[in-house]
Amino acid sequence: MRGMMMDRPLRVADILTYSEEIHGTAGIVSSTVEGDIHRESYAEMAARCRRLAKALRTMGIGPGDRVATLAWNGYRHMELYFGIPGIGAVCHTLNPRMSPEQLAYIVSHADDRVVFLDLTFVPLVEKLRSRLPDRLRYVILADAASMPRTSLANVHCYEELLASEDDDFGWPDFDEDTAAGLCYTSGTTGVPKGALYTHRSLVLHSLIVGVSMQNSLRAGRRLLPVVPLFHANAWGAAHAAPLTGTSLIMPGPGLDGPSLWNLMETEKVFAAWGVPTVWLGLLEEIGKRGRKPAGLEEVVIGGAAAATSLIKGFEDLGVSVCHAWGMTEMSPIGTLGFLSPEQTSLPARERLRLKSTQGRRAFMIDLKVVDGEGRRQPNDGEATGELFVRGPTVVSAYFNNEEASAAAFDGEGWFSTGDVASISSDGFLNIRDRSKDLIKSGGEWISSLDVENLAMAHPHVANCAVIALPHPKWGERPVLVAVPSVDRPEPDGIRAYLEERLPKWQVPDDIILVEELPLTATGKVSKLTLRQIYADHKLP
Ligand code: AMP
């Protein structure tokens, strides 16, 4: 028997309208590329989104058209997040840290009609111009007074476009499976692949994130997403913050420790979300100043494994850490490291151990671990294999890429994450490695993440990565590439430290000290680049 409830579509614009009516006085504080602090309430944002919707239509943008953004975290980028899908077009976020080749490929592959870009990215696009389609139009996210001289053709000024329309506009209805957002993976292997989110998946994801992150997200809270809007919906902050009445403190391009510390302090930020490399910078700044920014209570760390020492660094300051795992293909939240009420009273060591895992699944996300033959493994915390996921916020295929789509799912339709993991009996996910980053030495696997986690606890290691290098006898051997935290540390001291704590055969054959580690477009340590740099390195 069918139920008898109304079949109303889930639409991204409903978040905006709700936010305007219910949380109209909360809003966005933006540290802008022009250098000032801009404040906008969600009520003001909603009105500007309606103007934007009309302006897009005037430009000839309609349902299904891809409209790209190339921008930092700020209020205008948020307006694009709602105004573009609101009329049935697709908001395609471009990641400015990708290589020029990747960006040119992505814009063509997505068949973008317009690019909305921050002032800072005008030189980047000018350089790319010859590789981009001629008909592409550009809207610079600035007012008339700040418009730059540019060699680009077909250029518009964002504030002039908005000023030429009024805000008398009603959001149209369409099927909830209509495409709303597009984000390409950072493409560490092969060409970047597009995850095409729907209105339904984004609304469900906002609800999932809102329910799961109740500490960061609730009316009156102030959240600083260091995680960019240009990657995977800023982990859901873009939609869940207006939905819950949480104000967003947007850092613009200032993502270094001192800039973040200052913004957090002056804007009374309660929670902040970002990748481990960003938090290493903030902890260093906190160390210099001798205290955390006033009011900072929660940090969400994800996108790459958070070392236990990093988690401890924050918890010792009284800042609660949630270690989260996800993927662009999952909108992106998959698991979250919150402890149950019983677990919060466990001894500190045990709590830290649980928080160092990637946490437990979010609502509507199913996880399974399978061995090399595709057999499902028990959730016993021991059995390790490839992690597969399923849920209404997980991609069902890649955008216009049949080959990648065919390879990404198993016979039951689960998505293959490429991560190697175990799951404990109480549901804690432990990511051991990316399958391609695992080290196979003498037929046995070594988890690079385990070795990195240990090395990070050494007082002279500020950051590190463990990679596999070819070895004539063992096949592969681990090598530790580390950024020291002091002048001239002793690699032998670090080695002795690891020897005390690891089985002998897992201790890296070599320890290479470097000034900095190469990062991917999403701010994670790029092991692919490291493997290329050290491809010819001679092991001792
Ligand atoms: P992306 O789609 O660029 O966000 O990358 C997703 C990948 O990042 C995952 O498949 C993992 O390999 C890695 N990742 C994300 N979060 C974590 C985490 N908390 N711990 C370990 N790896 C992570």
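The values are calculated or read from the model by the stated rules, or taken from the named source; none is laboratory data. What you see is a predicted model, and the numbers here were worked out from it, not measured in a lab. Cβ sites come from the backbone with ideal geometry, for glycine too, and all protein chains shown count toward neighbours. Note: areas computed on protein heavy atoms with side chains; ligands, DNA, RNA excluded. Shrake-Rupley method; radii C 1.70, N 1.55, O 1.52, S 1.80 Å.
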Query raised in the report: Counting just the residues of segment 37-65 that are in a loop (DSSP other than H, G, I, E, B) and not β-branched (Val, Ile, Thr), which one comes out surrounded by the most Cβ atoms within 10 Å (Cβ to Cβ)?
Result: Asp65
Report task. Test Leu296 against the stated conditions and say whether it is in contact with a helix residue (DSSP H, G or I) (Cβ under 7 Å, 6 or more places away or on another chain) and in contact (Cβ under 8 Å) with a residue 60 or more places away in the chain. Result -> no
Query raised in the report: What is the one condition in (1) among the small types (Gly, Ala, Ser); (2) surrounded by 23 or more Cβ atoms within 10 Å (Cβ to Cβ); (3) without any contact (Cβ under 8 Å) to a residue 12 or more places away in the chain that Ala238 does not satisfy?
Result: (3)
Requested in this report: Within segment 296-309, count every residue that is more than 11 Å from the ligand (Cβ to nearest atom) and outside any strand (DSSP E or B).
Outcome: 4
Query raised in the report: Looking at segment 384-392, is at least one residue among the polar types (S, T, N, Q) and within 16 Å of the ligand (Cβ to nearest atom)?
Result: yes
Report summary line: Of those in segment 10-31 that are of a type in the set (Asp, Glu) and touching a residue at least 24 places away in the same chain (Cβ under 8 Å), the residue nearest to Gly220 (Cα to Cα) is Glu20
Report task. Among residues belonging to segment 316-326 that are among the hydrophobic types (A, V, I, L, M, F, W, C) and open to solvent by less than 30 Å² (accessible area, probe 1.4 Å), point out the one that is farthest from the ligand (Cβ to nearest atom). Result -> Val319
Report summary line: For segment 337-357, the count of residues that are near the ligand (Cβ under 10 Å from one of its atoms) and either over 17 Å from Asp433 (Cα atoms) or charged (D, E, K, R) (or both) equals 1
**Report entry** Odd one out for Gly281, checked against (1) touching a residue at least 60 places away in the same chain (Cβ under 8 Å); (2) within 19 Å of Thr520 (Cβ to Cβ); (3) outside any strand (DSSP E or B)
**Finding:** (1)
Report summary line: If we take segment 430-540, then helices (runs of 4 or more DSSP H) inside it with 2 or more residues that are under 21 Å from Lys312 (Cβ atoms) are 448-456, 491-501
Report task. Would you check which residues across segment 499-528 are more than 17 Å from Leu438 (Cβ to Cβ) and crowded, with 18+ Cβ neighbours inside 10 Å and list them? Result -> Ile511, Leu517, Thr520, Ala521, Thr522, Gly523
Report summary line: Restricted to segment 187-197 and to residues being within 14 Å of the ligand (Cβ to nearest atom) and among the β-branched types (Val, Ile, Thr), the residue modelled with the highest pLDDT is Thr189
Report summary line: Of those in segment 155-186 that are touching a Lys or Arg at 6+ places or on another chain (Cβ under 9 Å) and within 16 Å of the ligand (Cβ to nearest atom), the residue nearest to Asp111 (Cα to Cα) is Leu182
Query - Residues located in segment 428-444, provided they are in contact with a Pro (Cβ under 9 Å, 6 or more places away or on another chain) and free of Cβ contacts under 8 Å to residues at least 60 places away in the same chain - result: Ile439
Query raised in the report: When both residues are 6+ apart or on different chains and their Cβ atoms are under 7 Å apart, which pairs have a first residue that lies in segment 515-527 and is modelled with pLDDT of 90 or more, and a second that is assigned to a strand (DSSP E or B) and surrounded by 19 or more Cβ atoms within 10 Å (Cβ to Cβ)?
Result: Leu517/Asn463; Leu517/Ala465; Leu517/Val481; Leu517/Val525; Leu519/Val525; Val525/Ala465; Lys527/Ala465; Lys527/Ile467
Query raised in the report: Which residues, counting only those in segment 66-103, are basic (Lys, Arg) and crowded, with 18+ Cβ neighbours inside 10 Å?
Result: Arg66, Arg76
Query - Residue match in segment 123-140 (condition: over 26 Å from Thr393 (Cβ atoms) and in contact (Cβ under 8 Å) with a residue 60 or more places away in the chain) - result: yes
Query - Condition check for Phe121: touching a Ser or Thr at 6+ places or on another chain (Cβ under 6 Å) and either aromatic (Phe, Trp, Tyr) or on the phi > 0 side of the Ramachandran plot (or both) - result: no
Query raised in the report: Does Asp112 count as among the charged types (D, E, K, R) and within 25 Å of Leu217 (Cβ to Cβ)?
Result: no
Query raised in the report: Is there a residue in segment 214-223 that is in contact with a His (Cβ under 8 Å, 6 or more places away or on another chain) and crowded, with 22+ Cβ neighbours inside 10 Å?
Result: no
